[in-house]
Every structure is written in C-alpha cells, then in structure tokens.
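J.: Take this structure, written in structure tokens, and hold onto it; I'll ask about it next.
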Amino acid sequence: MYTEDDPMLTPTHLAFVVFLGLILALDKHEWFVAVMFGVFVDIDHVFGLQRYVEANGYSAIMAASWDDGTGEPWKSLMHYPVGVVIVAPLAIGWRFMLPLLFWGSHLGLDYLQTATLAHAAVVESIFLSAVIVGIFAVSFLSWRSTRSAGDVRQYLQYLGRSLRSMLYLDPA
Ligand SMILES: [Zn+2]
C-alpha cells in the first residue's frame, strides 16, 4: 500500500529550482532562499531515514515508495499544505513571495509524483528532461539578449570556454 510519502528525487527538485530561478533572474540572496525552500525541505527525509532502513533494510531505499509500513509520519509539517502557516509569514517582503513560491512548487512536484506513482519513474524522467531543456533555453536566451547575434553553436562554445576558465584550464 502506498502512503502519501513518495517524494520526487532531490536532483529533480534542484533542477526545477534552477529553472525557475533563471526565469525570475534571482540575485545571490534570492538563490539561497530558493534552494532552502525548494530543495532543503527534503531534509526531513534524512531524519526519517534511520527508522525506515531499520524497518525495511537498505535495499528498500531504491523502492519507488518509501512507505515504511509503520504508519508513523516521517515527513515534517513542511511537507503538508498546513506548513503555509510557517512559510507565508516568512515570504512577506520577498520579491515574488520567494519562500512561498519555491516551497509551494516543491509540494506541487511531490504531489505530482504521488498522483502518478504507477508511472513515477517515467513521469520523473520526462519532467526532468523537460526542465533541463528549459534551463538550457532560458540561459541561451539570456545570453543571446546580451549580444546582437549568436546561435546555439556559439553559445555552446561560450559555455565550453566558461567551463574551461572555471576549471583553470588554458583557453583552447
Ligand atoms: Zn519533498
């Protein structure tokens, strides 16, 4: 039997936060808040992990649903809509109500995962691929907007150069 605890994988949450953050053109502080509320919400899974493994063994980590059969709640308040009483006050004063926006989208993704559990792996793969394409598209368009001309090939070359300089390699 499935319970309501069927989280999207953390990399999927992270990819979505990056996508949304690029669209909103977040600054440094806003990125921090976005990751805290969009990704770190899953920290409660870490606290519940020990009990889950004790009850089900290590191999159960790979299960689609982390239903541990004990019936005990192992998600914090932050994984339920009622968490809005904590998040909403924190969101006041932020552009786009950032904490609320990213926390809400985290819950939305987890809900999507639960609603499509029978096909969860497929749904998540498609969703993650779409988000990665979206990240590329948004970053390409913002790169493109800073110059008079430029195509995808030139953008890839630019990314390659940035990566090399980030890794302190000689420019090719
Ligand atoms: Zn979650």
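The values are calculated or read from the model by the stated rules, or taken from the named source; none is laboratory data. None of these values were measured; they are calculated from a predicted model. Here the Cβ is made from the backbone with ideal geometry for all residues, glycine too, and neighbour counts use every protein chain on show.
J.: Residues that are among the acidic types (Asp, Glu) and closer than 21 Å to residue 45 by Cβ: does the stretch 161-172 have at least one?
T.: Among the residues of the stretch 161-172, not one is among the acidic types (Asp, Glu) and closer than 21 Å to residue 45 by Cβ, which makes the answer no.
J.: May I pose another question? Name every residue in the stretch 115-133 that is surrounded by 11 or more Cβ atoms within 10 Å (Cβ to Cβ), among the hydrophobic types (A, V, I, L, M, F, W, C) and without any contact (Cβ under 8 Å) to a residue 12 or more places away in the chain, in order of residue number.
T.: Answer for the stretch 115-133, where residues must be surrounded by 11 or more Cβ atoms within 10 Å (Cβ to Cβ), among the hydrophobic types (A, V, I, L, M, F, W, C) and without any contact (Cβ under 8 Å) to a residue 12 or more places away in the chain: 115, 123, 126, 130, 133.
J.: Now, a different point. If you check every pair at least six apart or on different chains, which have Cβ atoms under 9 Å apart with a residue in the stretch 134-153 that is under 16 Å from residue 19 (Cβ atoms) first and a residue that is at pLDDT below 90 second?
T.: Sorted first by the residue in the stretch 134-153, then by its partner, the pairs are 140/150; 143/150.
J.: Looking at the stretch 90-105, can you tell me whether even one residue there is in contact (Cβ under 8 Å) with a residue 40 or more places away in the chain, in a helix (DSSP H, G or I), surrounded by fewer than 16 Cβ atoms within 10 Å (Cβ to Cβ) and of a type in the set (A, V, I, L, M, F, W, C)?
T.: Checked against the condition, which is being in contact (Cβ under 8 Å) with a residue 40 or more places away in the chain, in a helix (DSSP H, G or I), surrounded by fewer than 16 Cβ atoms within 10 Å (Cβ to Cβ) and of a type in the set (A, V, I, L, M, F, W, C), the stretch 90-105 yields at least one hit.
J.: Moving on. I'd like to verify a number: residues in the stretch 48-89 that are among the charged types (D, E, K, R), within 24 Å of the chain's Cα centre (by Cα) and at pLDDT 65 or above, how many?
T.: 1
J.: If you go through the stretch 13-32, how many residues are surrounded by fewer than 20 Cβ atoms within 10 Å (Cβ to Cβ), in a helix (DSSP H, G or I), more than 16 Å from the ligand (Cβ to nearest atom) and aliphatic (A, V, I, L, M)?
T.: Counting residues in the stretch 13-32 that are surrounded by fewer than 20 Cβ atoms within 10 Å (Cβ to Cβ), in a helix (DSSP H, G or I), more than 16 Å from the ligand (Cβ to nearest atom) and aliphatic (A, V, I, L, M) gives 3.
J.: Just to be sure, is residue 122 touching a Ser or Thr at 6+ places or on another chain (Cβ under 9 Å), within 17 Å of residue 15 (Cβ to Cβ) and away from the ligand (no atom under 15 Å from the Cβ)?
T.: Answer is yes for this residue.
J.: Being surrounded by 11 or more Cβ atoms within 10 Å (Cβ to Cβ), outside any loop (DSSP other than H, G, I, E, B) and either small (Gly, Ala, Ser) or touching a residue at least 60 places away in the same chain (Cβ under 8 Å) (or both) is the requirement here; does residue 112 meet it?
T.: It is true that residue 112 is surrounded by 11 or more Cβ atoms within 10 Å (Cβ to Cβ), outside any loop (DSSP other than H, G, I, E, B) and either small (Gly, Ala, Ser) or touching a residue at least 60 places away in the same chain (Cβ under 8 Å) (or both).
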